[in-house]
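Heads up, the thing below is written out as structure tokens.
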Amino acid sequence: MRTVNSADNTLLLFTPELPCWDAETVGLAGDDPKSLAELEAAGNVARLGGGYVLTRKGIQTRKIVSRENYVPSMKIDTLVTDEHEASRSLELNRMVQLLDRAFMTEWGIKEFKINETFPVVPCLEDDEYFAFEGERVKAIWPENEYVKSFMAEFPDNGYEARKLPAPGPEALSQWAERHHAPRGNFKVEFVLRHHHDFAHYRQLPTPEGDIFGFVNAGIIFARKFRGKPEELLPFIGRIHVFFTMQRRIYIPGWFDMDSEEQEPGKMVTFITDTDDELRELTRTLRRWGLSLIEPACPIYIMGTSIEHLRNQETKSMIYDWFAEETVKILRPDFQDEE
């Protein structure tokens, strides 16, 4: 059996979801950044996209390290050879590691997934969620004929809906087939389910329809901001429809209130590279208005930057991080002062 060393530990960091690493991300994950040079010298990794990716030899070495030391690891079948793909993967990795370091969780569990895909029914065209009226944005998706039919078919939501059987995905599928409703999905780069006071809540009953694991959990949907703010609108719109599905199909009465009748946060988070970029994005989204969040309130749009995440101290709880280290771009109760 091989003795696990620092280079072996670093080798096991490479996964299909996070195939590109550099010194900063390895350090944030708790391993020795110098091990990358050792892996490169042994032919296990190669430089690409500003970081390092596994070679064919590295894939085989990783498999041996995993097997001989009884360390479970996700199977890697393909090499990353595209410069842009490696660069985007490294960018995502940096965001993931910095968000993971941003706060701890006392008495709870942080469960995060990378590039998680969620269904959207009805899934509208990109320009069917919001429309511009001058400098303001209006939510038009609630007036879409498919959405209105959906609301009429599944009217029960809110706390009182807990007393009723949830329609469930089969009923949704039957409705979609009858009305020829468009189906689709959307991907979220970083999804955090924060289970506060896990030992207590695990003893409480939860509804069977909670197939996404949202009951008794705070939720963060995080996305790296690239390009133009207008490109965020279909993403925000699909989140609205997906959250509406939770409220009316999967877990009516449970999505906005936990088992102890407390409100778990639903936070959509945009990550910029710099603080200046975050200020500009904040000004833009606030100028567009609360219509971005109102149709599926409560929903928060907040932001932070890679620059800020690098410099902030690790908070002891998610609530401290939310209150002290993020910009509340749009929220139902009030907005930050610029």
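Some values worked out for this structure:
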| item | result |
| --- | --- |
| Only one of Glu338, Glu324 that is modelled with pLDDT of 90 or more and open to solvent by 50 Å² or more (accessible area, probe 1.4 Å) | Glu324 |
| Filter result for Glu85 (in contact with a helix residue (DSSP H, G or I) (Cβ under 7 Å, 6 or more places away or on another chain), among the acidic types (Asp, Glu) and surrounded by 13 or more Cβ atoms within 10 Å (Cβ to Cβ)) | no |
| Strands (runs of 3 or more DSSP E) (entirely within region 178-286) containing at least 2 residues that are farther than 18 Å from Pro298 by Cα and over 13 Å from the mean Cα position of the chain (by Cα) | 184-195 |
| Leu13 surrounded by 13 or more Cβ atoms within 10 Å (Cβ to Cβ), touching a helix residue (DSSP H, G or I) at 6+ places or on another chain (Cβ under 9 Å), of a type outside the set (Asp, Glu) and outside any helix (DSSP H, G or I) | yes |
| Of residues in region 137-166 being β-branched (Val, Ile, Thr) and closer than 18 Å to Cys123 by Cα, the one surrounded by the most Cβ atoms within 10 Å (Cβ to Cβ) | Val147 |
| Of residues in region 178-208 being farther than 21 Å from Phe255 by Cβ and without any contact (Cβ under 8 Å) to a residue 24 or more places away in the chain, the one most open to solvent (accessible area, probe 1.4 Å) | His180 |
| Selected residue (criterion: farthest from Ile140 (Cα to Cα)) from residues of region 269-302 that are of a type in the set (Lys, Arg) and surrounded by fewer than 16 Cβ atoms within 10 Å (Cβ to Cβ) | Arg279 |
| Residues of region 111-136 classified as open to solvent by 80 Å² or more (accessible area, probe 1.4 Å), assigned to a loop (DSSP other than H, G, I, E, B) and more than 17 Å from Phe235 (Cβ to Cβ), total | 1 |
| Residue list for region 19-37, filter: free of Cβ contacts under 8 Å to residues at least 24 places away in the same chain and in a loop (DSSP other than H, G, I, E, B) | Gly30, Pro33 |
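The values are calculated or read from the model by the stated rules, or taken from the named source; none is laboratory data. Remember, predicted model here, so these are calculated numbers, not experimental data. Every residue, glycine as well, gets a Cβ built from its backbone with ideal geometry; the counts of neighbours run over all protein chains shown. Only protein heavy atoms, including side chains, enter the accessible area calculation; ligands, DNA and RNA are left aside. Shrake-Rupley method; radii C 1.70, N 1.55, O 1.52, S 1.80 Å.
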